[in-house]
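Coordinate-derived values only; no laboratory data. The structure presented is a predicted model; accordingly, all values stated were derived computationally and were not measured. FYI the Cβ positions are ideal-geometry reconstructions off the backbone, even for glycines, and counts take in every protein chain you see.
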């Protein structure tokens with residue numbers, strides 16, 4: 001069974017469009033995350049979210065918004081897509097909450113490759 | 001200094017070789033460190049944690065030098081299957097589950 005799943009795997013769209021990427025985890029974890037990996041392979045955290053707190057990396061444009069219908073799902077909505085948004089987006093989850101002194105193992109989804117034309 | 005910095009490589013080594021990667025970090029308050037492995041076009045996966053001076057797991061040894069603010073990963077008896085990108089990871093201060101990833105070091109093990 002897939003622990004962290006994402007859909008779609010590939011997404012090709014035009015500039016200016018609005019799109020969403022879905023993520024689901026069946027690990028019973030409390031916290032989920034979104035990461036962006038650009039063409040130079042740098043992996044950067046965008047958000048972490050549990051039912052108590054949203055932590056946003058200050059470098060993320062407000063066109064990006066996480067939406068969580070329940071603990072097992074964290075979707076990423078992107079408004080007014082730009083060329084620079086082209087990247088691979090990874091969802092991840094971990095057992096603990098973000099603001100903790102320890103670091104829990106994060107389990108990543110397979111990634112969504114977004115191409116903005 | 002960047003928050004987490006790694007030599008991107010690639011490191012090309014023959015099977016059976018020993019290879020080591022270094023990673024430097026800027027936050028002197030960091031207490032824990034991690035190595036993740038990412039195969040081509042796949043997701044990252046945790047390889048090892050480094051909590052004190054070092055940690056060993058089979059052919060893999062991770063070491064921490066707090067004074068110089070670097071961690072290293074040593075791979076002995078390299079296998080073809082070790083070919084991947086190795087990501088150095090440092091948690092945010094006061095938010096242990098918010099992670100900063102290095103750019104990764106690419107390893108290619110040749111027959």
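When averaged across all projection directions, what area in nm² does the alpha-carbon convex hull of the stretch A:15-117 cover?
Working: hull surface 25.6 nm².
Result: a mean projected hull area of 6.4 nm².
Could you work out the mean count of beta carbons from other protein chains within 10 Å of each residue's beta carbon in B:98-104?
Values: counts 11, 11, 4, 7, 2, 4, 5.
That works out to 6 on average.
GNM on chain A, C-alpha springs below 10 Å: top fluctuator among A:55, A:45, A:78?
Fluctuation is largest for A:55.
Per-residue mean of other chain beta-carbon atoms within 10 angstrom of the beta-carbon, peptide A:93-100?
On the way: counts 0, 3, 1, 2, 3, 8, 6, 6.
That average works out to 4.
Would you mind ranking B:23, B:40 so that the residue whose beta carbon has the fewest other beta carbons within 10 Å leads the list?
Working: B:23 26, B:40 8.
By the 10 Å Cβ count, ascending: B:40, B:23.
Provide B:85, A:2 in ascending order of the number of other Cβ atoms located within 10 Å of each residue's Cβ, fewest first.
On the way: B:85 22, A:2 10.
Listing B:85, A:2 from fewest to most nearby Cβ atoms yields A:2, B:85.
Please work out the Cα convex hull volume for chain B and give it in Å³ per residue. Can you show the working numbers first?
Numbers: hull volume 10.3 nm³, N = 111.
Normalising the Cα hull of chain B by residue number yields 93 Å³.
Taking N as the number of residues in the protein assembly as shown, what is its alpha-carbon radius of gyration divided by 2.2 N^0.38 Å?
Details: Rg = 17.7 Å, N = 228, 2.2 N^0.38 = 17.3 Å.
Taking N as the residue count of the protein assembly as shown, the ratio is 1.02.
With r as the distance between the Cβ atoms of residue A:68 and residue B:53 and R0 = 41 Å, compute the FRET efficiency 1/(1 + (r/R0)^6) and round to 0.05. Each step should come with its number before you reach the end.
On the way: r = 39 Å, r/R0 = 0.96.
It comes to 0.55.
Equivalent ellipsoid semi-axes for the stretch B:1-64, as square roots of 5 times the alpha carbon gyration tensor eigenvalues: give them largest first, rounded to whole Å.
Working: eigenvalues 86, 49, 35 Å².
Sorted largest first and rounded, they come to 21, 16, 13 Å.
For the stretch A:1-67, compute the orientation-averaged projected area of the C-alpha convex hull (one quarter of its surface), in nm².
On the way: hull surface 22.9 nm².
For the stretch A:1-67, the mean projected area of the Cα convex hull comes to 5.7 nm².
What ranking do A:32, B:108 get, fewest neighbouring Cβ atoms within 10 angstrom at the top?
Working: A:32 27, B:108 14.
Ranking A:32, B:108 by Cβ neighbours within 10 Å, fewest first, gives B:108, A:32.
Counting only other chains, and only Cβ atoms inside 10 Å, what mean value do you get across the residues of A:36-44? Before the final figure, lay out each step's value.
Details: counts 0, 5, 0, 0, 3, 8, 6, 13, 3.
For peptide A:36-44, the averaged partner shielding equals 4.
Give me the number: length gained by fully extending residue B:29 to residue B:77, i.e. 0.36 nm times residue separation minus the C-alpha to C-alpha distance, one decimal in nm. Walk me through the numbers before you get to the answer.
Working: separation 48, 0.36 × 48 = 17.28 nm, distance 3.37 nm.
Computed gain between residue B:29 and residue B:77 is 13.9 nm.
May I ask you to list the residues of the stretch B:76-96 whose amide nitrogen lies under 19 Å from a point 7 Å from Cα along the Cα→beta-carbon direction of residue A:42?
Label zone hits: B:85-93.
Report the residues of the stretch A:68-83 in range of a label on residue A:14: point 7 Å along Cα→C-beta, backbone N strictly under 14 Å from it.
Hits in the stretch A:68-83 for residue A:14 at 14 Å: A:80-82.
Taking Rh as the Kirkwood radius computed over C-alpha pairs, what is the Stokes-Einstein D of the stretch B:69-111 at 37 °C in a medium of viscosity 0.692 mPa s, expressed in µm² per second? Can you show the working numbers first?
Values: Rh = 12.2 Å.
Translational D for this selection: 268 µm²/s.
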